[in-house]
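A short worksheet on the structure shown next.
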Amino acid sequence: MSSESTGGVYTSAVRPGLRTRVASSLARRARAKRRRMYLDLIRPGEQESVLDVGCGDQGLATLNVPGAVTGADRDPRPDYPGHDFVRADARELPFSDGQFDVVYSNSLLEHVPPSDRQRVAAEISRVGRRLFVQTPNRRFPVEPHALLPLVHWLPRRLGRRLWSLGVTGEPFEDIQLLDARELRRLFPDAEIVRERAGPLTKSLIAVRR
């Protein structure tokens, strides 16, 4: 299971145009802000081991943060720029209990079927001492992948029909976003930190320090 989104905007197949250029600019700012939050909340050390679950092609390894970053993804990533890469399913990570000082995951959980989320959360919690797990907030009025307002609040059938109006050129994906209560249920020993866009909560982060 993997996510290749950048601040909620897919990097692989977005449509050209003004909306996409604006979205890309906002995504860069969001990545910079999330990097600052990661550093402030987790305070990783240079000698610490970090696991990025659902790393995609780049992930945390491109954000210039302290620590040796190992990427984990179900798809092969031959050009992954981190310290190491392990092909793995997030539902069954091939690591020992507490093997990593930090486990990081960005925009992965919403792509996991709800029936598998508890299992993925348990694996993330098992292999890491500290956690930083981010996911877009379902209550934010703009769907973060297609960048369409309110589409994620509509019935699935209507959302599928409207998906082609969004910025992503990817096929429709039945993404089921989470809210704060659901994220807290998955990580009961973590603090839920809100990443805001103005007065609204854009994304949620489960943090175990």
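Quick notes
- Cα long-axis angle, helix 18-42 against the chain (0 to 90 degrees, to the nearest 10): 30
- Cα long-axis angle, helix 114-127 against the chain (0 to 90 degrees, to the nearest 10): 30
- Helix-only [θ]222 nm of the chain, DSSP H runs n ≥ 4, -39500 (n - 2.57) each, per residue, nearest 500: -8000 deg cm²/dmol
- Selection from L158, Q118, I42 lying farthest towards where the dipole of the chain points positive, charges on Cβ: L158
- Taking 0.36 nm per residue of sequence separation and removing the Cα-Cα distance, the D40/R129 pair yields an extension gain of 30.4 nm.
- For the chain, the dipole from Cβ point charges (+1 on Lys and Arg, -1 on Asp and Glu) about the Cα centre works out to 1040 debye, to the nearest 20.
- Region 5-208: relative contact order as a whole-number percent, Cα under 8 Å and 6+ apart: 19
- Spin-label pair A197/V86, simplified geometry with 7 Å Cα→Cβ offset, distance in nm: 3.4
- Between the residues A88, A30, L148, the greatest Cα displacement towards the positive end of the dipole of the chain, with unit charges on the Cβ of Lys, Arg, Asp and Glu, is found for L148.
- Point-to-point label distance, D79-L154, nm (Cα→Cβ direction, 7 Å offset): 3.5
- FRET E, pair D179, R28, Förster distance 30 Å, beta-carbon r, rounded to 0.05: 0.70
- Per-residue packing, averaged as other Cβ atoms within 10 Å, sorts the ranges 139-145, 176-182 into the order 139-145, 176-182, beginning with the highest.
Values in this text are rule-based calculations from the coordinates and carry no lab data. In this text the structure is predicted, and so the values were computed from the model without any measurement. Quick reminder, even Gly has a Cβ in these numbers, built from the backbone with ideal geometry, and neighbours come from all protein chains shown.
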